[in-house]
């Protein structure tokens, strides 16, 4: 079964790609070409900014994948507000659509604290990965943004030197245990002084190219992802999202420092005057 969050696969192809392709492998190849073509443009745009805001994350996604998807640059809250993500039986590893912006902005604030970014780049990456803003292209978009934040903090991560499976395991542990140093411990041997942005861009291009290996077709059991070296790492299936009711007041009192921990405990955000989430569907990644 094809991952079809819009319900119009037959008419508009996989994820409404602009060519209306139905073969996910062909769509992924199209994504890859556009990513490589637009990577330097994305870095140039980010480098011109005084501060990186959430809108710039959206703009980066549009720059990279605007030639593939008409919804590029729009997050899940805008185009799939009733879909939440879970991994396996866990519904708290990734942000609910209504929490995406807050999670990403928290990660951006931490990432633009130069001292924190230099010492804890893995925690920043984990927070941005937790936000998981898009239906597709999350990993490559977040990695570009994270690389820009690293450059500003005076560091460079040699992603080409990492082992993909070890990285994915460390990322999963970071998502499961945020703020415990799981991903930072893994990245420590690969962190060095900042390099020119064109060199950083070339590193990401090499990583993306190394992931262009044949995978089984995308479907419920195991969809083929091509940005596995980054953050889109788990297969997608559908399941019911649990309904929970909380008061807006109690949630508003939570401190920012506890935002991710509490959001993971109670992944359903508020919508409607009674505080009940209207979302009832999850697409699971693993």
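Quick note: the coordinates plus some simple rules give every number you see, no bench work behind them. Keep in mind the model is a prediction, meaning the values are calculated, not measured. Neighbour counts run over all protein chains shown; Cβ positions are idealised from the backbone, glycine included.
Below are the figures for this structure:
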item: More than 13 angstrom apart: percent of Cα pairs within segment 105-159; result: 52 percent
item: Cβ-Cβ FRET estimate between residue 11 and residue 55, R0 fixed at 51 Å, reported to 0.05; result: 0.95
item: Rg to Rh, two decimals, where segment 19-141 supplies the alpha carbon set and Rh follows Kirkwood; result: 0.98
